[in-house]
Amino acid sequence: MPSRVVVARGEDPFKLVERGLKHFEKPTQHRVVVKPNLIIDEPPPTTTPCDTIEALIRYYLEEGYEVIVAEGSGWCETSKAFRKLGYTKLAQEYGVKLVDLNTDRYELVANPSALYLKRFEKPLTLKDAYIISAPVLKEHSITQVTISLKNMLGATLGEKAKVAKKGRFHRKLDESIVDINMYLKPQLAVVDARTAGIRGELKSTPLKLGVMLFSSDLVAADSIASTLLGKNPLKIGHIKLAQKAGLGTADPTKIKVDYI
């Protein structure tokens, strides 16, 4: 059965989330952890729009799930990004918990077959949870794109530094992205491409695309999303490696895309 990506057209995140998620099975876990991309405290499209996360929070709360928003910012303090970008107010309004994954408690796990990270500090907030990678679609100066797979780089413990808190992963960035996704195994990608970010990942220039993408295959989601930026996913290192590692399908010709 081919991997599937649902591409919902529109601008209203609440309608898009409701329409998109109807095409996927509901979580079997009680706890849903939503992981936005808040690499820094800059507004969208550098970071995931707060209203997209609000739409996900509302959807899963109404379905009876516990919802947590978790992030470990790389270029500022996570608490500052939460506060400045509207997430603190959002959490108070809906009564959901915000977690700084940079300082979360963790368990040490190992995978001898990992490409680079043979051992990994897995944040306990993510243990036994239904994990949603909810990035904004962006270009990236090193990896070409940063979408749902690379977004999970923020779901790790941060180094004690003011900036580049995930610097240790950059020694082998593509391999680290794949390993982290193997350890954490997000169940769903929700990619906000209503307004994508181009020409840099820390201060992105807006590009209107007017869609949101959904998939239970993060590799497929990133493959199709990257084509919206004119990229060939089979020439993007971490996407190719993720397919080779068995995380999903990178070849766009082998992915079923439904436009709704």
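Of all the helices (runs of 4 or more DSSP H) wholly in the stretch 42-102, which have at least 3 residues that are in contact with a strand residue (DSSP E or B) (Cβ under 8 Å, 6 or more places away or on another chain) and among the aliphatic types (A, V, I, L, M)? Lay out the reasoning, then the answer.
Working: elements: 50-62, 78-84, 87-94.
In the stretch 42-102, the matching helices (runs of 4 or more DSSP H) lie at 50-62.
So which residues in the stretch 11-23 are exposed (fewer than 14 other Cβ atoms within 10 Å of the Cβ) and in contact with a Gly (Cβ under 9 Å, 6 or more places away or on another chain)?
Result: E11, single match.
How many residues are over 12 Å from the mean Cα position of the chain (by Cα) and within 15 Å of L117 (Cα to Cα) when one looks only at the stretch 142-157?
Of the residues in the stretch 142-157, 2 are over 12 Å from the mean Cα position of the chain (by Cα) and within 15 Å of L117 (Cα to Cα).
Since G86 meets every condition but one in (1) more than 18 Å from G158 (Cβ to Cβ); (2) out of contact with any Cys (no Cβ under 6 Å at 6 or more places or on another chain); (3) of a type outside the set (F, W, Y); (4) without any contact (Cβ under 8 Å) to a residue 40 or more places away in the chain, which condition does it not meet?
With (1) more than 18 Å from G158 (Cβ to Cβ); (2) out of contact with any Cys (no Cβ under 6 Å at 6 or more places or on another chain); (3) of a type outside the set (F, W, Y); (4) without any contact (Cβ under 8 Å) to a residue 40 or more places away in the chain applied to G86, the lone miss is (2).
So, in the stretch 218-260, how many residues would count as being under 22 Å from L207 (Cβ atoms), crowded, with 22+ Cβ neighbours inside 10 Å and among the small types (G, A, S)?
Within the stretch 218-260, residues that are under 22 Å from L207 (Cβ atoms), crowded, with 22+ Cβ neighbours inside 10 Å and among the small types (G, A, S) number 5.
Only one of (1) under 23 Å from L173 (Cβ atoms); (2) crowded, with 18+ Cβ neighbours inside 10 Å; (3) among the small types (G, A, S); (4) without any contact (Cβ under 8 Å) to a residue 24 or more places away in the chain is not met by S133, so which one is it?
(4)
Does the stretch 103-129 hold any residues that are assigned to a helix (DSSP H, G or I) and either buried (at least 19 other Cβ atoms within 10 Å of the Cβ) or free of Cβ contacts under 8 Å to residues at least 24 places away in the same chain (or both), and which are they?
Let us first name the residues in the stretch 103-129 that are assigned to a helix (DSSP H, G or I), namely 103, 124-126.
L124, T125, L126, listed by residue number.
For the stretch 35-55, name all the residues that are in contact (Cβ under 8 Å) with a residue 60 or more places away in the chain and either buried (at least 24 other Cβ atoms within 10 Å of the Cβ) or touching a Lys or Arg at 6+ places or on another chain (Cβ under 7 Å) (or both). Can you show your working first?
Of all residues in the stretch 35-55, those in contact (Cβ under 8 Å) with a residue 60 or more places away in the chain come to 35-40, 42, 44-49, 52-53.
Within the stretch 35-55, K35, P36, N37, L38, I39, E42, P45, T46, T47, T48, T52, I53 qualify.
Bear in mind these aren't lab numbers, they're just calculated from the coordinates by the rules spelled out. Just so we're clear, the structure is a prediction, and the values are computed from it rather than from any experiment. Please note: Cβ atoms are built from the backbone with ideal geometry, for glycine as well, and neighbour counts cover all protein chains shown.
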